[in-house]
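Enquirer: Sharing a structure below in structure tokens format, with a few things to ask.
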Amino acid sequence: MASASLGSSTDLRYPPIHAFPPFYTLQHNPVSRAQQLSQWRSLILDYCRHYRIFSLSPLPSSSDTTPNSHVTSADPYKSLFANQAIQRALSPESIRQVLADLVEHKQAAWEEHLTPASAKTKGTNSGNVSPKAYIYWKTPAQWGDAIYEWVMATGQNKSIMTLFELTEGDLVHGQEFYQLPEPLLRQALKHLSSQGKAQIFAGTEAEDGQGVKFV
């Protein structure tokens, strides 16, 4: 999901709490639980930022949690939500609750809330799919600002670019938003549109040929 020039090939330095066995069992006491969830939020944001992971699910999925291809240690189900040295791991249900807490604090968003209705109707057997949360280690507004800064610096204002060109094209290779997932890209462009900095154009098909003009 990320440019090889941007990701880190070094391991993340985990906080001491990551080696504390009770950290992997969500507490029932409201005060203890709130503190524990706060620590999980901080750790997840640091982890995803470090390895440029854009989404997480309660269960592993081939469609997400993919960091830079040269980073072999960034498997969140072995190194974020688990600590093999102490043989502890969050259960899938606990991971779901932790992700839900991120969403509640506006530091993540469930995929279903970011996916256009037209795309949702094309899904099959969605009830059996583990929910995916897009992690806001940068908010959509911050992604939008980064894109617009690049647009102005490279003279792309007044031009029309496809969504593919914005995240996969040669011009953006090496940029921080390179390979940004489309749901996050759309939220970033929505932010720019609300500021009068971008206009989004639909293609001939619901999900093909869409473009954006920067102003």
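Each row is one residue, and each column tells you yes or no for (1) modelled with pLDDT under 95; (2) in contact with a Lys or Arg (Cβ under 9 Å, 6 or more places away or on another chain).
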site: 123; (1), (2): yes, no
site: 126; (1), (2): yes, yes
site: 137; (1), (2): no, yes
site: 148; (1), (2): no, yes
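Enquirer: Sticking with this one: Please go through segment 166-178 and give me each residue that is surrounded by fewer than 16 Cβ atoms within 10 Å (Cβ to Cβ) and touching a residue at least 12 places away in the same chain (Cβ under 8 Å), ordered by number.
Expert: Those that are surrounded by fewer than 16 Cβ atoms within 10 Å (Cβ to Cβ) and touching a residue at least 12 places away in the same chain (Cβ under 8 Å): 171, 173, 174.
Enquirer: I'd like to verify a number: residues in segment 85-99 that are surrounded by fewer than 17 Cβ atoms within 10 Å (Cβ to Cβ) and either of a type in the set (A, V, I, L, M, F, W, C) or modelled with pLDDT under 95 (or both), how many?
Expert: Residues that pass the stated criteria total 3.
Enquirer: Checking residue 38 against (1) under 22 Å from residue 134 (Cα atoms); (2) in contact with a Leu (Cβ under 9 Å, 6 or more places away or on another chain); (3) free of Cβ contacts under 8 Å to residues at least 12 places away in the same chain, which single condition isn't satisfied?
Expert: Failed condition: (2).
Enquirer: Provide a single number: the residues in segment 12-32 that are more than 18 Å from the chain's Cα centre (by Cα) and either surrounded by 17 or more Cβ atoms within 10 Å (Cβ to Cβ) or within 24 Å of residue 134 (Cβ to Cβ) (or both).
Expert: Start the filter on segment 12-32 by keeping residues that are more than 18 Å from the chain's Cα centre (by Cα), which leaves 13-32.
Narrowing further to those that are either surrounded by 17 or more Cβ atoms within 10 Å (Cβ to Cβ) or within 24 Å of residue 134 (Cβ to Cβ) (or both): 14-15, 18, 23-24, 26.
The qualifying residues number 6.
Enquirer: Now for a separate question. Assess whether residue 158 counts as being in contact (Cβ under 8 Å) with a residue 12 or more places away in the chain, surrounded by fewer than 16 Cβ atoms within 10 Å (Cβ to Cβ) and among the charged types (D, E, K, R). First the steps, then the outcome.
Expert: Numbers: in contact (Cβ under 8 Å) with a residue 12 or more places away in the chain: yes; surrounded by fewer than 16 Cβ atoms within 10 Å (Cβ to Cβ): yes; among the charged types (D, E, K, R): yes.
When the stated conditions are applied, residue 158 passes them.
Enquirer: All but one of (1) surrounded by 18 or more Cβ atoms within 10 Å (Cβ to Cβ); (2) among the small types (Gly, Ala, Ser); (3) more than 19 Å from the chain's Cα centre (by Cα) hold for residue 144, so report the exception by its number.
Expert: (3)
The values are calculated or read from the model by the stated rules, or taken from the named source; none is laboratory data. Computed from a predicted model, the values in this text were never measured in an experiment. With ideal geometry, Cβ positions are generated from the backbone for all residues, glycine too; neighbour counts draw on all protein chains shown.
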